[in-house]
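Below you'll find the structure, written out as structure tokens, and then a few comments.
Each reported figure results from applying straightforward, stated rules to the coordinates on display, with no laboratory input. The structure displayed is predicted, hence computed values, not measured ones. When we count neighbours, we look across all protein chains shown, and the Cβ atoms used for this are built from the backbone with ideal geometry, even at glycine.
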Amino acid sequence: MSRPDWRSASAYEYLQELNSAGIAWEFLRRNAEYCADYANPEFRAALDAGSAGPERRWGLTFCGRPNAKRG
């Protein structure tokens, strides 16, 4: 699968349609520190368990999770 040319404006037209959560995800998925954290199985396990640490570090929120867990 080829990647779009990052120099082409048309490669980024979809950004015009994103809401704030979509824009946040586009930033986060390109962030080298987040990618390094996510590559760590302990970090992913903490996310899956609903630990507030990773959520606080990256400002994450998840649908269906009670607010009480975000402490």
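Of note:
- Matching helices (runs of 4 or more DSSP H) fully within the stretch 10-60 where at least 3 residues are aliphatic (A, V, I, L, M) and surrounded by 10 or more Cβ atoms within 10 Å (Cβ to Cβ): 20-30, 41-49
- Residue within the stretch 28-35 that is farther than 12 Å from Trp58 by Cβ, among the hydrophobic types (A, V, I, L, M, F, W, C) and out of contact with any Cys (no Cβ under 7 Å at 6 or more places or on another chain) present: yes
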